[in-house]
1. List pairs: first residue in the stretch 20-45 and under 15 Å from Leu78 (Cα atoms), second residue exposed (fewer than 15 other Cβ atoms within 10 Å of the Cβ) anywhere in the structure, Cβ distance under 6 angstrom, at least six positions apart or on different chains.
2. Does Phe20 satisfy the criteria of being closer than 24 Å to Ile91 by Cβ and hydrophobic (A, V, I, L, M, F, W, C)?
3. Within the set of pairs 6+ apart or on separate chains, which have a first residue in the stretch 56-67 that is under 19 Å from Pro39 (Cβ atoms), a second that is crowded, with 20+ Cβ neighbours inside 10 Å and of a type in the set (Val, Ile, Thr), and C-beta atoms under 6 Å apart?
Amino acid sequence: MSDEKNTKLYYSIGEVADMFGVNTSLIRYWEKEFSIIKPKKNRKGNRLFTQKDIDNFHLIYHLVKERGMTLSGAKQKLKENKDGVDSNFEIVKSLQSIKDMLMEIKDTL
């Protein structure tokens with residue numbers, strides 16, 4: 001199932017909301033607030049998010065929900081140093097996966 005998700009080109013707003021455990025209204029709101037989230041829309045007007053949109057949403061989610069920044073603070077941070085924020089976020093994700101792996105090893109011992 002996870003391989004299928006990795007090969008999808010577009011995700012619906014409901015799928016993205018489920019990925020992050022938030023309401024679809026939050027995704028629509030952040031889409032308006034942050035210019036880096038730019039979903040395509042089909043003829044019916046449904047939003048279709050690419051993996052890049054999801055990665056950008058994950059970055060915003062990290063800044064706002066996990067680090068506790070305000071929306072204006074997150075906008076400013078992304079505006080000033082998006083590359084630095086990206087690399088810092090990737091490091092945090094790597095460390096989190098290492099921590100999870102070590103916790104699994106500890107539990108099996």
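1. Taking only residues 6 or more apart or on different chains, the pairs are Glu33/Leu71.
2. Working: closer than 24 Å to Ile91 by Cβ: yes; hydrophobic (A, V, I, L, M, F, W, C): yes.
Taking the combined requirement at face value, the residue satisfies it.
3. Asn56/Ile37; Phe57/Ile37
Just so you know, all these numbers are worked out from the coordinates, no wet-lab data involved. Here the structure is a predicted model, which means the values were calculated and not measured. Because the Cβ atoms are built from the backbone with ideal geometry, glycine has one as well, and the counts that use them run over all protein chains shown.
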